[in-house]
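In what follows, a structure is listed as structure tokens, so that the remarks can point back to it.
The values are calculated or read from the model by the stated rules, or taken from the named source; none is laboratory data. It should be emphasised that the depicted structure is a prediction, and the values quoted were computed from it without experimental measurement. With ideal geometry, Cβ positions are generated from the backbone for all residues, glycine too; neighbour counts draw on all protein chains shown.
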Amino acid sequence: MESTATRRRSTPASTAVRHTRSSTAKYADADGRTPVDGLYVVSPSEEADTQAIVAAGRGARVARRVIADARIDDGWWEEAARVFDWTRREAERDDRWADREAWVEAFEDRHAEAAPVDPDSERFRRVSEAAVDDSLSSYVSREEVEARAEAAHETLAAHLDVEAIVRAVDGTALLDAVDDDLIREHVDGEGTVPEVSD
Ligand SMILES: Cc1cc2nc3c(=O)[nH]c(=O)nc-3n(C[C@H](O)[C@H](O)[C@H](O)COP(=O)(O)OP(=O)(O)OC[C@H]3O[C@@H](n4cnc5c(N)ncnc54)[C@H](O)[C@@H]3O)c2cc1C
């Protein structure tokens, strides 16, 4: 996890004032914000340093704040800006949610009453469209889920102890997964095959 996260700000003066925190504010707060506009600290943090999984959770929390603040800079309001999902599985989408209009209606149902802007305004419509775009782009196909899982497994496996992998998995399956030519080369060169457990 990166220790600090910064983001570029092209903030209009009026909104810059809104995000600039008091000089007496704690450094950094629970959402990673600091007294410096646009500078967020993920780690180290007093709240989340004791365990790795808690630190990872803080990373996600701060990332959500960065996204929300970027949206607010773009005209969103807090209630709408902080609604964000990283991913949704395409396979779990039913017919209703295949229709973009259903998302527009859902945004209106959720935000129109409490929004600080007129639901008939251009700004409300623009934010609604952007929110719907974000929601729809969060869907990942089965192929993409598999590709990401494969990439993650490879990254993880690169850090594992090879002997431990050999001990943990079925030997035949392991040999099946290795290229035959590589096994032949190894046998020819070393006069023996890699030792694997059943
Ligand atoms: C002795 C000890 C034992 C622990 N045991 C456990 C345990 O058993 N289980 C558990 O879950 N957690 C344990 N923890 C806590 C765990 O290590 C942390 O929660 C976790 O490492 C936090 O992850 P992080 O990515 O936020 O920060 P870090 O792992 O500290 O990573 C921050 C990285 O940023 C780098 N960095 C810092 N400042 C800068 C800079 N200005 N520029 C560039 N790079 C910078 C640092 O060098 C470091 O590589 C232990 C911690 C300690 C000290």
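Quick one: VAL83 ticks every box in (1) touching a residue at least 12 places away in the same chain (Cβ under 8 Å); (2) assigned to a helix (DSSP H, G or I) bar one, so which box is it?
Exception for VAL83: condition (2).
If I filter the stretch 14-34 down to residues being closer than 18 Å to GLU78 by Cα and at pLDDT below 50, which single residue comes out as farthest from the ligand (Cβ to nearest atom)?
So the residue we want is SER14.
Could you check the stretch 35-54 and list, in sequence order, the residues that are assigned to a loop (DSSP other than H, G, I, E, B) and either in contact with a strand residue (DSSP E or B) (Cβ under 6 Å, 6 or more places away or on another chain) or within 12 Å of the ligand (Cβ to nearest atom) (or both)? Break it down into steps so the answer makes sense when it comes.
So in the stretch 35-54, the residues assigned to a loop (DSSP other than H, G, I, E, B) come out as 35-38, 42-51.
Answer for the stretch 35-54, where residues must be assigned to a loop (DSSP other than H, G, I, E, B) and either in contact with a strand residue (DSSP E or B) (Cβ under 6 Å, 6 or more places away or on another chain) or within 12 Å of the ligand (Cβ to nearest atom) (or both): VAL42, SER43, PRO44, SER45, GLU46, GLU47, ALA48, ASP49, THR50, GLN51.
Is it the case, given these coordinates, that GLY57 is at pLDDT 90 or above, closer than 27 Å to SER128 by Cα and either part of a loop (DSSP other than H, G, I, E, B) or not hydroxyl-bearing (Ser, Thr, Tyr) (or both)?
Numbers: at pLDDT 90 or above: yes; closer than 27 Å to SER128 by Cα: no; either part of a loop (DSSP other than H, G, I, E, B) or not hydroxyl-bearing (Ser, Thr, Tyr) (or both): yes.
Taking the combined requirement at face value, the residue does not satisfy it.
Is there a residue being among the small types (Gly, Ala, Ser), within 14 Å of the ligand (Cβ to nearest atom) and at pLDDT 95 or above anywhere in the stretch 62-72? Give the steps one after another, and end with the answer.
Start the filter on the stretch 62-72 by keeping residues that are among the small types (Gly, Ala, Ser), which leaves 63, 68, 70.
Retained after the next criterion (residues that are within 14 Å of the ligand (Cβ to nearest atom)): 63.
Imposing the further condition that a residue be at pLDDT 95 or above reduces the set to 63.
The answer is yes; a qualifying residue exists.
Output the residue which, of all residues in the stretch 46-65 that are within 13 Å of ASP29 (Cα to Cα) and without any contact (Cβ under 8 Å) to a residue 12 or more places away in the chain, is surrounded by the most Cβ atoms within 10 Å (Cβ to Cβ).
Checking each candidate, the answer is ALA48.
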